[in-house]
Amino acid sequence: MLSIVVAGCSAPAAVPTAAPPTAPPAANAAVTAAAPSPTGATLKILSPTAGGTVGLGAVKVSVNYAGPTLVPGPEAKKLDDYHLHYFLDEDANGFVQGARPIPTGNPHIIHSAAKEVTFENVGNGAHTVAVVMSGNNHIPVNPILIDTVSFTAQ
């Protein structure tokens, strides 16, 4: 038996969950083409800073983004309705290199049109944040638009 789980694109702050990550609805529709990277678009993580130290608990990730208006996932209807995916301690490379849809339902991956999100309950130690742009099908744009920083929480 095949089960398909349909989930919205907006993810709450990182809170542990028992449900396994699911493919986004657009991915379930067998959409496999990556949206084109918008001409001239730029993406840079402003905070946390690379090699920096932040407090424990809530960690705010903010980006400097220039390009087309970002569209919240649930409102995205066209392939070039872009939004961002914020990864905390999750490897974005499998999605970026494999042109695979970024799943919903993982509290360490936030899908958002916002230029700032907060991950809750970040523990002591080394962490990595990556931010990736995708179209409405959650497949990273081509060519890739990504930024990554490593930081310490203590």
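Just so you know, all these numbers are worked out from the coordinates, no wet-lab data involved. Since we're looking at a predicted model, the values are computed, not measured. In this analysis, Cβ positions are derived from the backbone assuming ideal geometry, glycine residues included, and neighbour counts consider all displayed protein chains.
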| query | Tell me, what ³J(HN,Hα) does each residue in segment 126-138 have, in order and in whole Hz, if you take phi through Karplus 6.51 cos²θ - 1.76 cosθ + 1.60 with θ = phi - 60° and put x for Gly and Pro? | reply | 7, 9, 10, 10, 10, 10, 10, 8, 9, x, 5, 8, 6
| Can you run phi through the Karplus equation (6.51, -1.76, 1.60; θ = phi - 60°) for segment 65-81 and list ³J(HN,Hα) in whole Hz, with x for Gly and Pro? | 10, 10, x, x, 4, 7, 10, x, x, x, 9, 6, 10, 10, 3, 8, 8
| request: Would you mind working out the magnitude of the charge dipole of segment 57-105 relative to its Cα centre, with +1 at each Lys and Arg C-beta and -1 at each Asp and Glu C-beta, to the nearest 20 Debye? | output: 120
| query | Among the lysines, which have Cα under 28 Å from the Cα of Lys77 when same-chain residues fewer than 8 positions away are ignored? | reply | Lys44, Lys115
| remark: Expressed as a whole-number percentage, the relative contact order of segment 66-116 with C-alpha contacts under 8 angstrom and at least six residues apart is 43
| Taking K and R as +1 and D and E as -1, what net charge do the other residues with C-beta under 15 Å from the C-beta of His138 add up to? | -1
